[in-house]
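Here the structure is laid out as structure tokens; the discussion comes afterwards.
The values are calculated or read from the model by the stated rules, or taken from the named source; none is laboratory data. These numbers were taken from a predicted model, which means no experiment stands behind them. Here the Cβ is made from the backbone with ideal geometry for all residues, glycine too, and neighbour counts use every protein chain on show.
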Amino acid sequence: MKDTPVRLFDRFDDIPKLNSFAALPATFYTRLPTTPLNQPELLHVNAEALNLLGLSAHAVQDPSFLDVVSGTSAMAGGQTLAAVYSGHQFGQWAGQLGDGRAHLLAEIKGPKGNWELQLKGAGMTPYSRMGDGRAVLRSSVREYLASEAMHGLGIPTTRVLALVTAKNPVMRETVETAAVVARMAPSFIRFGSFQHWAARKQPELLRQLSDYVIERFYPDCLNASNPYVSLLESVVTRTAEMIAGWQVVGFCHGVMNTDNMSILGLTLDYGPYGFMDGFDARHICNHTDTSGRYAWHAQPAVAHWNLYQLANSLHEIIPDADALRAALDLFEPTFLNAMQQRMMQKLGFNNWQDGDETLVDDLWSLMQASHADFTLTFRQLAYALSPVDMNQAGITQQQIEFDLGNTVNPALKPFVDLFIDRPAAEQWLERYRQRIARNIQTAGFDRIQTMLAANPLYVLRNHLAHEAIEAAKKGDVSEIDSLMKILRNPFVAEAGMERYAALPPAWASRIEVSCSS
């Protein structure tokens, strides 16, 4: 039976809307218009996102498209608003926060699910505090690329539709160019959304928000003996699995405040994030984070702490503290199991055996000692067998040369050459070969293909994002185009894209990112 063709619309006006969050009482948000930019220009559009919303390629050519994604005009059928929430920032209670520079335009009924469309940088709101309600091109390009990079890696994330720039100057450390990101998610509700009503001792509104989230996004919880406990269990599980996804690709969020944690387990609010180059378990991607609270190795513990704050908020409507503790106790086993499953795929193990944990820990230690490149260490491990083993595995010389760089990409290095202590790397590699020999029998080619499908060749390294930003400042989107192409499928080598897989240049270590955007 053939699938029914999906109807795509040529205008935002024609897409069906639902606006379920806007149907909640007005105390959850403030309705207000966006503040138009000066001479906005459409810099880039994500074709995949168009399809998710049910828009055709022709929709981009209609003037109303730019009007909507730039914040010049409201979306017909939508209800523009900014949501209120509270939260902990760097471990300290910050009180009321909210969408200080974000406007939710509408909830769109897409062909395969609903999406809220939100503009980031579209002007001040009652929650802007000391901010100007604007975003800058620098951070907007980074969020635009990061969302699609994470999606390509299979990690739950918000998505992006369009990137708009304008003539408006915006003052940060220096004068920068204004920009707007049109981003999408089934919901932008955060842990802080629940903390807000708990802190205000308004359990009736906390219960109403919880009922909304359960009905819309966790309907299975309705069948539980206590739907609110079941909700927490589900959020704990999703969050643990998301964090495991971050860890195994070397992703650091940089600002894991409770108001930046999605109730749906999505990677939310890309600010001073970073993908590690040289491995350092204590890597800090946000130079504002002087204490290292959000370092790579700390992310699982911070996620658990944030979930504790969510549970503490739900205690207002769940008197049973033991039930809350039991839900939180799901985090560690869920995270460890997810990590184990992902590491098995990354290392080509088809079962987990005694001694594997030590072997993996020793690899992390080896990488730490040499600051070996995170991404390439795992990618090149797939090819780290002897030529005879490779031949038996059915790997062609052409494929080896492409990924190892013997002829096609001389910038790539074999596994052992990524380590300062090459003899130590060879000793570990010999132990790894012996372990692979104990795998449940499968073809070597299958093992290598499994590893290649779990270990990306391309990630959004800071220097690549920087180059895309510098080009975008001149109106050149060619780097964004190239990055969007490879990041959508980061596990497959693309001819002509060799430099995107290479070790970073020396100057990349001097790039700093912070909460300033």
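Before moving on, here are some points about what is shown:
- Within region 503-515, the set of residues being touching an Asp or Glu at 6+ places or on another chain (Cβ under 9 Å) and assigned to a loop (DSSP other than H, G, I, E, B) comprises Leu503, Pro504, Ser514, Cys515.
- Restricting attention to region 413-433, the residues being part of a helix (DSSP H, G or I), over 31 Å from the mean Cα position of the chain (by Cα) and more than 21 Å from Phe349 (Cβ to Cβ) number 3.
- Scope region 439-481; condition of a type outside the set (D, E, K, R), surrounded by fewer than 14 Cβ atoms within 10 Å (Cβ to Cβ) and not in a helix (DSSP H, G or I); matching residues: Ile440, Gln441, Thr442, Ala443, Gly475
- Qualifying residue in region 324-338 (condition: closer than 21 Å to Leu153 by Cα, out of contact with any helix residue (DSSP H, G or I) (no Cβ under 8 Å at 6 or more places or on another chain) and modelled with pLDDT of 95 or more): yes
- Within region 482-517, being surrounded by fewer than 14 Cβ atoms within 10 Å (Cβ to Cβ) and closer than 23 Å to Asn286 by Cβ holds for Pro505, Ala506, Trp507, Ser509, Arg510, Glu512.
- Residues located in region 262-300, provided they are of a type in the set (Gly, Ala, Ser), touching a helix residue (DSSP H, G or I) at 6+ places or on another chain (Cβ under 7 Å) and within 23 Å of Ala506 (Cα to Cα): Gly274, Ala281
- Residue in region 193-214 that is assigned by TED's automatic domain parsing to the domain that holds Ala326, crowded, with 24+ Cβ neighbours inside 10 Å, out of contact with any Cys (no Cβ under 6 Å at 6 or more places or on another chain) and under 30 Å from Ala454 (Cα atoms) present: no
Matching residues to (1) at pLDDT 95 or above; (2) more than 26 Å from Met367 (Cβ to Cβ); (3) not assigned by TED's automatic domain parsing to the domain that holds Arg379:
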| position | (1), (2), (3) |
| --- | --- |
| Ala425 | yes, no, no |
| Gln434 | no, no, no |
| Ala443 | no, yes, no |
| Pro456 | yes, no, no |
| Asp481 | yes, yes, no |
| Ala502 | no, no, no |
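- Scan of region 482-502 for residues that are free of Cβ contacts under 8 Å to residues at least 60 places away in the same chain and part of a helix (DSSP H, G or I), ordered by number: Ser482, Lys485, Ile486, Tyr500
- Within region 311-339, considering residues that are small (Gly, Ala, Ser) and surrounded by 13 or more Cβ atoms within 10 Å (Cβ to Cβ), the one farthest from the chain's Cα centre (by Cα): Ala323
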